[in-house]
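Heads up: the structure comes next, in structure tokens.
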Amino acid sequence: MSRRVSEVKVGEELPPLDVPLTAAIIVGGAIASRDYTPVHHDRGAAQASGMSDVFMNILTTNGYVGRYVTDWAGPDAMIRKVAIKLGGRNMPGDSMRMGGGVAKVGAASGTVERVVAARRGWGDHATGTVVVALPR
């Protein structure tokens with residue numbers, strides 16, 4: 001069921017989404033988004049660059065942000081803008097927790113601005129805002 005803009009209130013919190021981070025998820029996200037930078041799929045290359053393992057690319061992070069917002073908003077929602085800032089890297093063996101709340105509701109435009117954060121065991125992975133259009 002799709003959310004309607006009239007049902008949304010500023011300050012409303014979204015339910016968290018926990019994403020276990022595995023090498024398969026990280027590598028699969030890189031390959032699916034055609035990001036063939038070796039540090040995202042080759043453990044040896046990641047270790048040669050000073051990392052302990054492969055790490056998630058921003059395109060995969062954006063995909064999880066979109067999923068998180070549209071799971072809440074419903075199938076009739078349309079993402080209009082995503083503006084996130086990356087923090088620390090997502091590595092295999094950790095868990096990313098998506099969370100957020102409603103910052104603005106534009107009843108006339110039918111849009112909702114959401115603040116989102118993706119956190120893992122040792123801090124923020126990504127923070128920012130998403131603007132989504134909802135049915136009126």
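The values are calculated or read from the model by the stated rules, or taken from the named source; none is laboratory data. Not measured: the values here are computed from a predicted model. Don't worry about glycine lacking a Cβ; one is built from the backbone with ideal geometry, like all the others, and counts go over all protein chains shown. Remember, those area values only see protein heavy atoms, side chains included, never the ligands or the DNA or RNA. Shrake-Rupley method; radii C 1.70, N 1.55, O 1.52, S 1.80 Å.
Annotation: amide H of residue 21 within the under-5 Å range of 93, 94, 95, 96, sequence separation 5 or more or interchain, hydrogens built in the peptide plane. Take every Cα pair under 8 Å whose residues are at least 6 apart in sequence, average their separation, divide by the length of the range 1-111, and the relative contact order is 46 percent.
Size of the dipole of the range 8-114 about the Cα centre, Lys and Arg at +1 and Asp and Glu at -1 on the beta carbon, nothing else charged, in debye to 20? Walk me through the numbers on the way to the answer.
Values: 11 positive and 10 negative charges, 62 e Å.
Using Cβ point charges on Lys, Arg, Asp and Glu, the range 8-114 gives about 300 debye.
Here's how it looks for residue 120: its modeled amide H is under 5 Å from those of 97, 125, which are all 5 or more places away or on a different chain.
When Rg and Dmax of the Cα atoms in Å is calculated directly from the model, which label among [x] 18.7, 60; [y] 15.1, 45; [z] 16.2, 52 fits? Of the labelled values, this structure produces [z]. Sorting the segments 97-103, 111-117 by their mean number of nearby beta carbons within 10 angstrom, highest to lowest, gives 111-117, 97-103. With the alpha-carbon atoms of the range 21-91 aligned to their principal axes, the span from lowest to highest coordinate is 44, 21, 18 Å, starting with the largest. Database remark: amide H of residue 74 closer than 5 angstrom to the amide H of 3 (H placed geometrically; neighbours at sequence offset of 5 or more, or on other chains; Pro and chain starts carry no H). Scaled against the 2.2 N^0.38 Å expected of a compact globular protein of N residues, the Cα radius of gyration of the range 77-136 reads 1.30.
Rounded to the nearest 500, the 222 nm mean residue ellipticity of the chain from helices alone is -7000 deg cm²/dmol, with -39,500 (n - 2.57) taken per DSSP H run of at least 4 residues. Probe radius 1.4 Å, ligands and nucleic acids ignored: give me the carbon and sulfur share of the accessible area of the chain as a rounded percent. Its accessible area is 56 percent carbon and sulfur atoms. Between helix 58-73 and the chain there is an angle of about 30 degrees, using the helix long axis and the longest principal axis of the Cα atoms. Within the range 8-103, the chymotrypsin sites (Phe, Trp or Tyr not before Pro) that combine a DSSP coil assignment with at most 16 other C-beta atoms in a 10 angstrom radius are 36.
Calculated FRET efficiency, residue 53 and residue 86, Cβ-Cβ r, R0 22 Å, to nearest 0.05? Plugging the Cβ-Cβ distance into 1/(1 + (r/R0)^6) gives 0.80. Placing 51, 96, 1, 91 in order of accessible area, with the largest value first and a 1.4 Å probe, yields 1, 51, 91, 96. A 1.4 Å probe run over the chain, with the rest of the protein chains in place, finds 52 Å² accessible per residue. All other residues whose Cβ lies under 13 angstrom from that of residue 105 are scored, Lys and Arg at +1 and Asp and Glu at -1, for a net of +3.
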